[in-house]
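Working notes, beginning with the structure itself.
The values are calculated or read from the model by the stated rules, or taken from the named source; none is laboratory data. Note that the structure is predicted; figures quoted are calculated from it, not measured. All Cβ positions, even for glycine, are placed from backbone atoms using ideal geometry, and neighbour counts span all protein chains on display.
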């Protein structure tokens with residue numbers, strides 16, 4: 001028999017909390033699927049409750065007084081104690097999807113939500129074998145780990161780009177140090193500061209000396225413009241050598257695999273010294 005699972009519902013509207021509680025109790029608490037529920041009216045309350053009784057799953061509204069869901073999610077995700085806690089964000093605005101995922105959430109659902117759909121996602125998160133294995137969310141300084149990005153982010157953004165016919169690009173950049181005295185950590189911190197652009201575009205630690213930026217709603221031409229800006233910024237640094245940049249764009253590729261196209265493009269950039277888009281050199 002599985003142990004009882006715990007859910008924390010975080011929403012400033014009591015009516016929403018009661019609706020969720022009734023739906024969850026109807027769905028579970030029969031057979032071996034036992035669920036306990038706690039409640040919070042804002043992000044600050046949620047953190048206090050979670051610290052005392054770490055939940056298996058959190059349903060978190062984004063817009064709340066005192067502390068919103070995005071801030072609370074970021075705080076929780078920075079604590080390794082909650083590495084295996086699944087967080088589902090509840091939002092009224094489709095434009096808040098990326099912000100919720102960037103804060104560390106595993107999933108989102110739009111209000112007014114279909115309770116049946118939400119219950120299916122809760123059941124998968126709580127009871128699907130292997131669903132709750134810990135995933136490293138961030139390397140440092142808000143930079144995503146490659147594993148987290150590939151497992152929990154990329155497919156969602158590809159599907160969203162197709163659904164709404166939005167462009168999507170993935171830019172890989174490799175930057176070496178000129179200064180032998182500059183350690184790897186100092187180099188990475190300088191590169192992170194240089195590469196951070198829009199809050200909605202996640203920055204990923206891809207490998208040694210290599211980072212990636214997922215450029216949401218960014219066409220190939222704009223991705224190349226960003227590559228030019230990165231080159232210009234690196235030229236101003238006395239510690240960094242000229243970067244290699246590989247770009248993959250979803251619109252112009254024959255496959256959905258942005259990773260393969262981006263990595264081939266980066267390898268071609270390293271070999272040629274050019275910026276490479278979808279495996280073809282770009283004239284700067």
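Checking the structure you have, find out if any residue of the stretch 184-199 is under 17 Å from the mean Cα position of the chain (by Cα) and more than 27 Å from residue 272 (Cα to Cα). The answer is yes, given that some residue of the stretch 184-199 is under 17 Å from the mean Cα position of the chain (by Cα) and more than 27 Å from residue 272 (Cα to Cα).
Given (1) under 23 Å from the mean Cα position of the chain (by Cα); (2) at negative phi, where does residue 276 come up short, assuming only one miss? Just one mismatch for residue 276, condition (1). Among the criteria (1) assigned to a loop (DSSP other than H, G, I, E, B); (2) touching a strand residue (DSSP E or B) at 6+ places or on another chain (Cβ under 8 Å); (3) closer than 20 Å to residue 203 by Cβ, the one residue 237 does not fulfil is (2).
Only one entry of 29, 42 meets the criterion of being over 16 Å from residue 126 (Cα atoms) and either in contact (Cβ under 8 Å) with a residue 60 or more places away in the chain or in the same structural domain as residue 85 (by TED's automatic domain parsing) (or both), and that entry is 42. Being surrounded by 14 or more Cβ atoms within 10 Å (Cβ to Cβ) and over 21 Å from residue 249 (Cβ atoms) is a property that holds for residue 194. Scanning the stretch 122-156 for residues that are in a helix (DSSP H, G or I) and at pLDDT 80 or above yields 122, 123, 126, 146, 147, 149, 150, 154.
Okay, residues lined up against (1) farther than 20 Å from residue 152 by Cβ; (2) surrounded by fewer than 17 Cβ atoms within 10 Å (Cβ to Cβ):
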position	(1), (2)
4	yes, yes
11	yes, no
15	yes, yes
21	yes, yes
39	yes, no
46	yes, no
66	yes, yes
76	no, no
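Any residue at all in the stretch 233-244 that's assigned by TED's automatic domain parsing to the domain that holds residue 186, buried (at least 21 other Cβ atoms within 10 Å of the Cβ), more than 23 Å from residue 148 (Cβ to Cβ) and in contact with a helix residue (DSSP H, G or I) (Cβ under 6 Å, 6 or more places away or on another chain)? Yes - at least one qualifying residue is present in the stretch 233-244.
Filtering 88, 58 for residues that are without any contact (Cβ under 8 Å) to a residue 40 or more places away in the chain and either in a loop (DSSP other than H, G, I, E, B) or not assigned by TED's automatic domain parsing to the domain that holds residue 160 (or both) leaves a single hit, 88.
Do we have residue 265 as more than 21 Å from residue 165 (Cβ to Cβ) and not in a loop (DSSP other than H, G, I, E, B) here?
Considered against the rule, which asks whether it is more than 21 Å from residue 165 (Cβ to Cβ) and not in a loop (DSSP other than H, G, I, E, B), residue 265 comes out as yes.
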